[in-house]
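Asker: Provided herewith is a single structure, encoded as structure tokens, for subsequent inquiry.
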Amino acid sequence: MTVFTLGVDDLERAVAFYRDGLGLPTEGIVGREFEHGAVAFFELEGGLKLALWSRKDLAHETKVELRPPSSTEMTIGHNVGSKEEVDKVMEQARQAGAIITDPPHDAFWGGYSGHFLDPDGHLWEVVWNPQWDLPE
């Protein structure tokens with residue numbers, strides 16, 4: 001996988017959350033000159049990209065009926081190198097406007113994690129797994 005796309009209700013708001021709130025690098029919204037084409041790309045680790053695209057435009061492009069969003073369809077995992085980093089990222093997300101649904105805590109499986117909802121209701125898990133060696 002190289003890109004994952006999140007459908008959002010307000011592209012400007014979503015870009016501000018990820019760029020300004022979480023500090024992810026982006027060139028901003030591109031493709032405005034095309035009907036249904038406005039999108040923002042964010043560079044992530046390992047060459048992975050996050051794309052933000054209007055839910056209405058995503059439904060139009062894919063020929064899938066636009067339905068109400070559900071936060072329980074999936075989580076996006078952000079693995080970090082320590083408990084302290086989990087706390088830091090969770091606080092950064094909270095300050096950016098995220099709703100903390102599950103504050104950082106020791107997990108039953110030996111790690112440490114917390115969950116938050118972004119402004120469009122996408123569910124994120126910030127997690128430290130002591131069994132995983134993450135690249136620097």
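The values are calculated or read from the model by the stated rules, or taken from the named source; none is laboratory data. Bear in mind that the values here come from a model prediction, so they are computed numbers and not experimental data. Using ideal geometry, Cβ is built from the backbone for each residue, glycine included, and neighbour counts are taken over all protein chains shown. With ligands, DNA and RNA removed, areas are computed over all heavy atoms of the protein, side chains included. Shrake-Rupley method; radii C 1.70, N 1.55, O 1.52, S 1.80 Å.
Asker: Condition first: out of contact with any strand residue (DSSP E or B) (no Cβ under 8 Å at 6 or more places or on another chain), closer than 20 Å to THR5 by Cβ and open to solvent by less than 50 Å² (accessible area, probe 1.4 Å). Can you find one or more residues in the range 124-131 that meet it?
Answerer: Step one: list which residues in the range 124-131 are out of contact with any strand residue (DSSP E or B) (no Cβ under 8 Å at 6 or more places or on another chain), which gives 130-131.
If we keep only those that are closer than 20 Å to THR5 by Cβ as well, we get none.
Taking every residue of the range 124-131 in turn, none turns out to be out of contact with any strand residue (DSSP E or B) (no Cβ under 8 Å at 6 or more places or on another chain), closer than 20 Å to THR5 by Cβ and open to solvent by less than 50 Å² (accessible area, probe 1.4 Å).
Asker: Inspect all residues belonging to the range 8-16 and state whether any of them is of a type in the set (Val, Ile, Thr) and either open to solvent by 90 Å² or more (accessible area, probe 1.4 Å) or under 12 Å from the mean Cα position of the chain (by Cα) (or both). Even if it seems obvious, please write down each step before you answer.
Answerer: The initial filter retains those residues of the range 8-16 that are of a type in the set (Val, Ile, Thr), namely 8, 15.
Narrowing the set further to residues that are either open to solvent by 90 Å² or more (accessible area, probe 1.4 Å) or under 12 Å from the mean Cα position of the chain (by Cα) (or both) leaves 8, 15.
Scanning the range 8-16 turns up at least one residue that is of a type in the set (Val, Ile, Thr) and either open to solvent by 90 Å² or more (accessible area, probe 1.4 Å) or under 12 Å from the mean Cα position of the chain (by Cα) (or both).
Asker: Name the one entry in LEU11, LEU24 that is touching a helix residue (DSSP H, G or I) at 6+ places or on another chain (Cβ under 8 Å) and of a type in the set (A, V, I, L, M, F, W, C).
Answerer: Only one candidate qualifies: LEU24.
Asker: Further question on the same structure: From the list LEU117, LEU50, which one is more than 23 Å from LEU134 (Cβ to Cβ), within 16 Å of the chain's Cα centre (by Cα) and in contact (Cβ under 8 Å) with a residue 40 or more places away in the chain? Full working, then the answer.
Answerer: Details: LEU50 fails: more than 23 Å from LEU134 (Cβ to Cβ).
When all the criteria are applied, what remains is LEU117.
Asker: Anything in the range 73-86 that is of a type outside the set (Ser, Thr, Tyr) and either more than 15 Å from the chain's Cα centre (by Cα) or buried (at least 16 other Cβ atoms within 10 Å of the Cβ) (or both)? List them, or say none.
Answerer: Answer for the range 73-86, where residues must be of a type outside the set (Ser, Thr, Tyr) and either more than 15 Å from the chain's Cα centre (by Cα) or buried (at least 16 other Cβ atoms within 10 Å of the Cβ) (or both): HIS78, ASN79, VAL80, GLY81, LYS83, GLU84, GLU85, VAL86.
Asker: Got a sec? Which strands (runs of 3 or more DSSP E) wholly within the range 89-136 have at least 1 residues that are aromatic (Phe, Trp, Tyr)? Step through it out loud before you land on a result.
Answerer: Numbers: elements: 99-106, 112-117, 123-128.
Where strands (runs of 3 or more DSSP E) fall fully within the range 89-136 and carry at least 1 residues being aromatic (Phe, Trp, Tyr), they are 112-117, 123-128.
Asker: Have a look at THR26, THR62 and point out the one that is open to solvent by less than 90 Å² (accessible area, probe 1.4 Å), within 20 Å of PHE4 (Cβ to Cβ) and in contact with an Asp or Glu (Cβ under 8 Å, 6 or more places away or on another chain).
Answerer: Values: THR62 fails: in contact with an Asp or Glu (Cβ under 8 Å, 6 or more places away or on another chain).
Answer to the check: THR26.
Asker: For the range 87-116, which residues satisfy the criterion of being under 13 Å from LEU22 (Cα atoms) and open to solvent by less than 50 Å² (accessible area, probe 1.4 Å)? Walk me through how you get there before you give the answer.
Answerer: Within the range 87-116, the subset under 13 Å from LEU22 (Cα atoms) is 88-98, 116.
Answer for the range 87-116, where residues must be under 13 Å from LEU22 (Cα atoms) and open to solvent by less than 50 Å² (accessible area, probe 1.4 Å): VAL89, MET90, ALA93, ALA96, GLY97, ALA98, PHE116.
Asker: Let me ask another. Can you find, within the range 58-89, the residue that is nearest to ASN129 (Cα to Cα) among those that are touching a helix residue (DSSP H, G or I) at 6+ places or on another chain (Cβ under 9 Å) and among the charged types (D, E, K, R)?
Answerer: For the range 58-89, the residue satisfying everything is ARG67.
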